[in-house]
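The values are calculated or read from the model by the stated rules, or taken from the named source; none is laboratory data. Only a predicted model underlies this, so the values are computations on that prediction, with no experimental measurement involved. Methodologically, a virtual Cβ is constructed for each residue, glycine included, from the backbone with ideal geometry; neighbour enumeration extends over all protein chains shown. For the accessible areas, the whole protein counts, side chains as well, though only heavy atoms, and no ligand, DNA or RNA atoms are used. Shrake-Rupley method; radii C 1.70, N 1.55, O 1.52, S 1.80 Å.
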Amino acid sequence: MKNSKPILQTAKETILLESSAIANLANLLDKHFENAVNFILNANGRVIVTGIGKSANIATKIVATFNSTGTPAIFMHAADAIHGDLGNVQENDVVICLSKSGNTPEIKVLVPLIKNYGNKIIAITGNINSFLGKNADFPLNTFVEKEACPNNLAPTTSTTAQLVMGDALAVCLQDLRGFSVKDFAKYHPGGALGKRLYLRVSDLIENNQVPQVQFDSSIAEVIVEISEKRLGVTAVLKNENIIGIITDGDIRRMLSKTRDINSFTANDIMGGNPKTVSQDAMAIEALEKLESNSITQILVVDADNKYTGVVHLHDLIKEGIF
């Protein structure tokens, strides 16, 4: 085994090299990028993203990003395209072609075929003077000085640059379309992400107990209510209005000072002005309130500000949101 650099040194050099190359992309942007974004925005067809080798792998990620942010896209492998898959390209589609060199044999065959169909080509290439760069309608420059690979061979920095340029296109289109959180949720209904976008507070408390005592309830009644409802907390009401909250911590603090619980009521030990969250709010909003206030439970209210339950941090953890 040859002498090598320390692992962390190599890792840091890789990250710094790639980050520097990515930062330089901002200097390479020109009118072609803006024109490409506007053309995709106003196109009546889909975005076809193609490439070969490692560029094909990056192309699939760009397609996924487009689709999840409101720009319909499909992947077409450049080699498969010239052996039958070119039929994927329809009349109004826009083709994005990825290639570091811009001169690979498959690209040289594919580009004229696409142009013969009348489709516009956006090139993401490290060489705008290449065959691809010169024949593209919108050449986007992703030039990098060197790969992070010690031999300057394996696509590393160059593919990262391609990916970032694809992200820049997708985000610009997302912004111009006014693609909202609700729109995003339509495409991400599953898993923890879907729950963050769809799950409401009312869903969290559906099967929870609703601990509550009146302001003049005895401490014994408070202790029983907290114990039976198993949420570590109870709301304190005056008639139907929330006026305070008592946690099991409040009970412990009281007992550390006195054992004469018969002389106290809920009103004496409650915390006033408790934090609340609407039952119609998204579950993620409840989490944000818990985190910002460093608490583990929050009271839930309806549209009329009436008490309807408690959200515990454990409810959010169970749903995979925390």
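The table for this structure:
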{"quantity": "Within region 16-37, considering residues that are open to solvent by 40 Å² or more (accessible area, probe 1.4 Å) and under 11 Å from residue 165 (Cβ atoms), the one nearest to the chain's Cα centre (by Cα)", "calculated": "22"}
{"quantity": "Top-ranked residue of region 283-307 - restricted to ones that are surrounded by fewer than 18 Cβ atoms within 10 Å (Cβ to Cβ) and touching a strand residue (DSSP E or B) at 6+ places or on another chain (Cβ under 6 Å), ranked as farthest from residue 232 (Cα to Cα)", "calculated": "302"}
{"quantity": "Enumeration of residues in region 201-230 that are open to solvent by 20 Å² or more (accessible area, probe 1.4 Å) and assigned to a helix (DSSP H, G or I)", "calculated": "202, 203, 220, 221, 223, 224, 225, 227, 228, 229"}
{"quantity": "Those strands (runs of 3 or more DSSP E) lying entirely in region 231-316 with at least 3 residues within 23 Å of residue 220 (Cα to Cα)", "calculated": "233-238, 241-247, 297-301, 307-312"}
{"quantity": "So residue 154, is it within 16 Å of residue 53 (Cα to Cα), small (Gly, Ala, Ser) and either assigned to a loop (DSSP other than H, G, I, E, B) or free of Cβ contacts under 8 Å to residues at least 24 places away in the same chain (or both)", "calculated": "yes"}
{"quantity": "Failed criterion for residue 150 (all others in (1) closer than 30 Å to residue 284 by Cβ; (2) touching a helix residue (DSSP H, G or I) at 6+ places or on another chain (Cβ under 9 Å); (3) at pLDDT below 95; (4) not hydroxyl-bearing (Ser, Thr, Tyr) hold)", "calculated": "(1)"}
{"quantity": "Residue within region 269-278 that is open to solvent by less than 20 Å² (accessible area, probe 1.4 Å), touching a Leu at 6+ places or on another chain (Cβ under 7 Å) and either modelled with pLDDT under 95 or over 19 Å from residue 250 (Cβ atoms) (or both) present", "calculated": "no"}
{"quantity": "Flag if residue 123 is under 27 Å from residue 177 (Cα atoms), part of a helix (DSSP H, G or I) and in contact with a strand residue (DSSP E or B) (Cβ under 7 Å, 6 or more places away or on another chain)", "calculated": "no"}
{"quantity": "For residue 63: the one exception among (1) open to solvent by 20 Å² or more (accessible area, probe 1.4 Å); (2) without any contact (Cβ under 8 Å) to a residue 24 or more places away in the chain", "calculated": "(1)"}
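Residues are listed down the side, and each one gets a yes or a no for (1) farther than 14 Å from residue 47 by Cα; (2) in a helix (DSSP H, G or I):
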site	(1), (2)
59	no, yes
63	no, yes
71	no, no
98	no, no
107	yes, yes
113	yes, yes
